[in-house]
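Input: a single structure, listed below in structure tokens.
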Amino acid sequence: MSKKVVLITGTNSGFGWLTAKSVAALGHKVYATMRDIKGKNADKAKALAQVENITVLDVSLTDNASLKNAVDTIIAAGGTIDVLVNNAGVTMFGIAESATAEDVQRIFDVNVFAPWKLMKLVLPFMRKQSDGLIINVSSGFGTFSFPFSVVYSASKFGLEGLSEGLHYELRSLGVDIAIVQPGTFPTEMSQKVQFGSDTSIVGDYSAIAEFPDKMFAAIGQIIESVKPDPQNVADAVVNLINLPKGQRPLRTVVDPSTGEIVQRANDAVNVEYPKVLAAFGLEELAK
């Protein structure tokens, strides 16, 4: 297998940390991004940089110049980017109406706009070489919008919408787009849950006030009973990189608890999507 140049976001913990090390172990050149590598993430950046085949870059996903500088740095060093893994993400739970426009913007900036900006930056190089892979880490909540995770689900819906259409636009040009859909895993991101800033309306939801706690309790029970291993998500990314071009599935579910439900929904889309393409004269893109 040829060695690839791989850019991975959100590598300071969780899926990103494990993915960076797993991909580097195969001999690929990994550029691992995280924020503030001389400050709060200094120890993590130092530890990851000591792994063979990994270079750590300080990147702020909400800073356009930072994103461009990262891609320019990689291109200057290696001439191309073969794989982009948009892994970084933020969560928001709680009563949806409590989210302000600024709260929603903050979530979408990281979960939707940053991946899109990076895709725009790397696609010219991938198209030029008629070869490339973009893996967007979504969620089972990108298939079903759950109560009390509405904003987070909406952002993952957005990422999936970008990915699904691009999958069909780009594969004839030699570029694969793939989605990984993790379920519930014990990662640092799940410990950094954000909530809506408008607390003035919370009292109006007293009739269902106990339901968010029920959901968090269920998530805790899943983690306790199933003991899902975050390494499985990293392994799914590695598997997609290893698969031949054009044979990578659009969606890969990694969820030992409710994954079968998500997979059945995906299977239904796989059946109906070609029919929609055909209805609009695009049946050749389904082949």
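The values are calculated or read from the model by the stated rules, or taken from the named source; none is laboratory data. Predicted model, so just to flag it, every value in this text is computed and none were measured. Note: ideal-geometry Cβ built from the backbone for every residue, glycine included; neighbour counts use all protein chains shown. Only protein heavy atoms, including side chains, enter the accessible area calculation; ligands, DNA and RNA are left aside. Shrake-Rupley method; radii C 1.70, N 1.55, O 1.52, S 1.80 Å.
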- Query: How large is the helix-only mean residue ellipticity at 222 nm for the chain, computed as the sum of -39500 (n - 2.57) over DSSP H runs with n ≥ 4, divided by its residue count, in deg cm²/dmol to the nearest 500?
  - Reply: -14500 deg cm²/dmol
- Task: Determine the dipole magnitude for the stretch 1-90: charges of +1 sit on the beta-carbon of Lys and Arg, -1 on that of Asp and Glu, nothing else is charged, the reference point is the Cα centre, and the result goes in debye to the nearest 20.
- Result: 140 debye
- Given the protein chains as shown and a 1.4 Å probe, how many square angstrom of D213 are accessible, to the nearest 10? 110 Å²
- Note on the structure: So, over other residues within a Cβ distance under 9 Å of E97, counting Lys, Arg +1 and Asp, Glu -1, the net charge is -2
- Query: If you look for lysine pairs in the stretch 147-252 that are eight or more places apart or on different chains, how many of them have Cα atoms under 22 Å apart?
  - Reply: 4
- Item | Solvent accessible area, Å² - E224, 1.4 Å probe, full protein context | 120 Å²
- Taking every pair of alpha-carbon atoms in the stretch 87-133, what share in percent sits in each 10 Å bin, from 0 to the bin with the longest distance? 23, 36, 23, 13, 4
- Net length gained if the chain between K275 and D204 were fully extended (0.36 nm per residue, minus Cα distance): 21.2 nm
- Item | Selected from V104, V59, V85 as most flexible by GNM, with the chain as the system and alpha-carbon contacts under 10 Å | V104
- Note on the structure: Per residue, the convex hull enclosing the Cα atoms of the stretch 212-287 spans a volume in Å³ of 114 Å³
- Message: Can you compute the FRET efficiency between M215 and S60 using 1/(1 + (r/R0)^6), with r the Cβ-Cβ distance and R0 = 35 Å? Round to the nearest 0.05.
- Response: 0.65
- Note on the structure: The convex hull of the Cα atoms of the stretch 92-191, divided by residue count, gives a volume in Å³ per residue of 101 Å³
- Task: Express the carbon and sulfur contribution to the solvent-accessible surface of the chain as a percent, rounded to the nearest whole number, probe 1.4 angstrom.
- Result: 56 percent
- Which of the helices in the chain, when you take each full DSSP H run, stretch at least 15 Å along the axis at their Cα atoms and have an average Kyte-Doolittle score of -0.5 or higher? 14-24, 64-78, 114-128, 150-170, 211-226, 231-242, 259-279
- Message: In Å², and per residue, what accessible area does the stretch 167-273 have when probed at 1.4 Å with the other protein chains present?
- Response: 54 Å²
- With the 1.4 Å probe rolled over protein heavy atoms, the stretch 30-77 has an accessible area per residue in Å² of 54 Å²
- Task: Can you send over the solvent-accessible area of D204, 1.4 Å probe, protein chains only, in Å² to the nearest 10?
- Result: 130 Å²
- Within the set of other residues whose C-beta is less than 13 Å from the C-beta of L173, count the net charge using Lys and Arg as +1 and Asp and Glu as -1. +1
- If you take the Cα Rg of the stretch 27-106 and divide it by 2.2 N^0.38 Å, with N the number of residues, what do you get? 1.35
- Could you tell me what % of all Cα pairs in the chain have separations over 37 Å? 13 percent
- How much FRET efficiency would the formula 1/(1 + (r/R0)^6) give for L173 and A42, where r is the Cβ-Cβ distance and R0 is 30 Å, rounded to 0.05? 0.15
- Taking Cα atoms only, Rg over Rh for the stretch 149-287 with Rh from the Kirkwood formula is 1.04
- Message: Test of understanding: what is the full-extension gain from F146 to E224, defined as 0.36 nm times their sequence separation minus their Cα-Cα distance?
- Response: 26.0 nm
